[in-house]
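Participant: Got a structure for you, written out below as structure tokens; questions coming shortly.
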Amino acid sequence: MTAEPLDILLTFARLGLVSFGGANLPEIERVLVEQKDWITPQLLANGFALGQVMPGPNMLAMTHYGFAAGGWLGAFAATLGFYGPTALLSAAAMTAWQRLSRWRWLPSLRSALLPFGAGVLLAGVLVLARGSIHSPAGALIAAVSFALLWRTRVNAALIVVGAAVLGAVLGL
Amino acid sequence: MSAPTTPAASAAPATPTPPPTPAGLLRLFVGVALVGIGGGLPAHTRRALTTRGWMTDAEFAEAYTLAQLTPGPNAVNLAAMIGARLLGGGGAALAVVGILTPGLIAMLTVTVFTLGLPGGLPPAVQSGLRGAACAALGVMLTAALPVLKVTAGIRFGPTLAVITFLLLAVLRADLLLVLAGTMIVGLILHRPRSGE
């Protein structure tokens, strides 16, 4: 299946613009897996995992999904679509910041937006768990990774690479 | 880069450093991306900026708060904002290109390898990816913790968060509708008091 580059660009632009606080996995899954059928739940989880060990923003998984949907052109369309419009919006918001900082509705907006962001993150955890955990061993790896990250200062990339080695050895 | 020791003019408390240049800005964000494997990009960005004397902690906190409020990936939004603040529109573009390029090259290389194989992934690689995905779930949970903590301190925050979660994860509702609903309820609950 090869999708139209323009379709990929617009779809990922929309996904970027509805992502608050980083990854909006529930919507990404709904659109890319269920609605468009461009990727499988397995590929969603794989790409997300790869993003954790890449230099820079974790959501470079978008490049992976774009490639799966439409090859090289798809990868670039997805990357440009996901990051371009929100970056433009951010640059514009920065220039308007001085006026915005005295706006009396700004704290209200923040208080309204944060619980929404928290709900999206929790739903994202569930989406990712459904795609990545298929065995008790997998659940154990997830729990141990979380405990290590929460309680120690180990680099996240090291933990993901360690889990990959463990997964290959165990034949998950 | 080690900061050269300033010869004269050491009376001023602010450290005199060369102003940001396009090439310097690009280098800064490529560097942030490279040390930011496994996350923590905002922290690395802050350190790179303050050591160069291009931004104060207060200015950075301002940009960081704003980056949380705009949609999209926070680290990239933050780069665009800092670039815009230091060098205008061209600065924003350079900052975004800088923070994305190293990962883009790495991700494309790995993607072509993993998705381009004719017979699909070798079993060992697929098993490794499964293990990595489980650990990534742990990473995602840790990233959610600070947001959950701040939300717990907001009036009706936990309730709205749980409702959002149920609507999205269980009922699979449309995200924009849920966003509009929570925003309206949240803004009414937290409307500015006239006394302030």
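The values are calculated or read from the model by the stated rules, or taken from the named source; none is laboratory data. Keep in mind the model is a prediction, meaning the values are calculated, not measured. So basically every Cβ, Gly included, is an ideal-geometry build from the backbone, and we count neighbours across all protein chains shown. The accessibility values were calculated without ligands, DNA or RNA, using every heavy atom of the protein model including side chains. Shrake-Rupley method; radii C 1.70, N 1.55, O 1.52, S 1.80 Å.
Participant: Could you work out what % of the accessible surface of segment A:1-128 is carbon and sulfur, using a 1.4 angstrom probe and leaving DNA, RNA and ligands out of the count?
Facilitator: Values: 3100 of 4640 Å².
Answer for segment A:1-128: carbon and sulfur cover 67 percent of the accessible area.
Participant: Sticking with this structure for a sec: What are the trypsin sites (Lys or Arg not before Pro) within segment A:73-115 that DSSP puts in a loop, where the Cβ has at most 10 other Cβ atoms within 10 Å?
Facilitator: A:ARG102
Participant: On to the next question. For every helix of n ≥ 4 consecutive DSSP H residues, a contribution of -39,500 (n - 2.57) applies; sum these over the protein assembly as shown, divide by its total residues, and give [θ] at 222 nm rounded to the nearest 500 deg cm²/dmol. Walk me through the numbers before you get to the answer.
Facilitator: On the way: 15 runs with 264 residues, N = 368.
-24000 deg cm²/dmol, from helical runs alone.
Participant: Largest first, what is the accessible-area ranking of B:ILE154, B:ILE184, A:ILE8, A:ILE133 with a 1.4 Å probe?
Facilitator: So the residues, ranked largest to smallest area, are B:ILE184, A:ILE133, B:ILE154, A:ILE8.
Participant: Sticking with this structure for a sec: Accessible area per residue of segment B:43-179 at 1.4 Å probe, in Å²? Kindly include the intermediate steps, with their values, before the conclusion.
Facilitator: Numbers: 5580 Å² over 137 residues.
Using a 1.4 Å probe on heavy atoms only, each residue of segment B:43-179 averages 41 Å².
Participant: Per residue, what accessible area does chain A have, given a 1.4 Å probe and all protein chains present, in Å²? Spell out each step's value before the answer.
Facilitator: Values: 7250 Å² over 172 residues.
Per-residue accessible area for chain A comes out at 42 Å².
Participant: Related question: A:ARG30: net charge of surrounding residues, Cβ under 9 Å, Lys/Arg +1, Asp/Glu -1, itself excluded? Walk me through the numbers before you get to the answer.
Facilitator: Numbers: positive: B:ARG172; negative: A:GLU27, A:GLU29, A:GLU34, B:ASP174.
Around A:ARG30, the charge tally is -3.
Participant: Once ligands and nucleic acids are excluded and a 1.4 Å probe is used, how much of B:ILE105 is accessible, expressed in Å² to the nearest 10?
Facilitator: Number for this one is 110 Å².
Participant: Bin width 10 Å, origin at 0, all Cα-Cα pairs of the protein assembly as shown: what percent of pairs per bin?
Facilitator: 5, 23, 33, 25, 10, 3, 0
Participant: Sorted by accessible area (1.4 Å probe), largest first, how do B:HIS44, B:HIS190, A:HIS134 line up? Working shown, then result.
Facilitator: Details: B:HIS44 45, B:HIS190 25, A:HIS134 115 Å².
Result, largest first: A:HIS134, B:HIS44, B:HIS190.
Participant: Can you give the net charge of the other residues whose Cβ lies under 12 Å from the Cβ of B:ARG172, counting K and R as +1 and D and E as -1? List each step's numbers first, then the result.
Facilitator: Details: positive: A:ARG30; negative: A:GLU27, A:GLU29, A:GLU34, B:ASP174.
Value of the local net charge: -3.
Participant: If each of B:ALA61 and A:TRP150 carries a label point 7 Å out from its Cα toward its Cβ, how far apart are those two points in nm?
Facilitator: 2.8 nm
Participant: Please work out how much accessible surface B:VAL150 shows to a 1.4 Å probe, ignoring ligands, DNA and RNA, in Å² rounded to 10.
Facilitator: Here the accessible area works out near 70 Å².
Participant: Next question. Using a 1.4 angstrom probe on the protein heavy atoms only, could you order A:TYR83, B:TYR64 from most to least accessible area? Intermediate values should be presented prior to the final figure.
Facilitator: On the way: A:TYR83 5, B:TYR64 90 Å².
Result, largest first: B:TYR64, A:TYR83.
Participant: If I model a spin label as a point 7 Å beyond the Cα along the Cα-Cβ vector, how far apart are those points for B:LEU117 and A:TRP97 in nm?
Facilitator: A separation of 4.5 nm, rounded to one decimal place.
Participant: Please calculate the 1.4 Å probe accessible area of B:THR17, with all protein chains present, and give it to the nearest 10 Å².
Facilitator: Result for B:THR17: roughly 50 Å² accessible.
Participant: Restricting to Cα pairs below 8 Å that are 6+ residues apart, what does the relative contact order work out to for chain B? Please round to a whole percent.
Facilitator: Details: 116 pairs, mean separation 30.5, N = 196.
It comes to 16 percent, rounded to a whole number.
Participant: At R0 = 30 Å, how high is the FRET efficiency between A:THR2 and B:ILE105 if r is their beta carbon distance? Nearest 0.05 is fine. Don't skip to the end; give the middle numbers.
Facilitator: Numbers: r = 23 Å, r/R0 = 0.77.
That gives a FRET efficiency of 0.80.
Participant: In a shell of Cβ-Cβ distance under 15 Å around A:GLY81, excluding A:GLY81 itself, what net charge do Lys and Arg (+1) and Asp and Glu (-1) give? Please list the in-between numbers first.
Facilitator: Numbers: positive: A:ARG14, A:LYS36; negative: A:GLU4, A:ASP7, A:GLU27.
My count for the surroundings of A:GLY81 gives -1.
Participant: For segment B:109-169, compute Rg over Rh where Rg is the Cα radius of gyration and Rh is the Kirkwood radius from the inverse mean 1/r over Cα pairs. It would help to have the intermediate numbers written out before the result.
Facilitator: On the way: Rg = 18.3 Å, Rh = 14.7 Å.
Computed over Cα atoms, the ratio is 1.25.
Participant: Using the C-alpha gyration tensor of chain A, what are the square roots of 5 times its eigenvalues, in whole angstrom, with the largest one first? All intermediate terms of the calculation are to be shown ahead of the outcome.
Facilitator: On the way: eigenvalues 173, 106, 42 Å².
After diagonalising the Cα gyration tensor, the semi-axes are 29, 23, 15 Å.
Participant: What distance in nm separates the two pseudo spin-label positions at B:LEU187 and B:THR51, each 7 Å out from Cα along the beta-carbon direction?
Facilitator: Result for the modelled spin labels: 4.3 nm.
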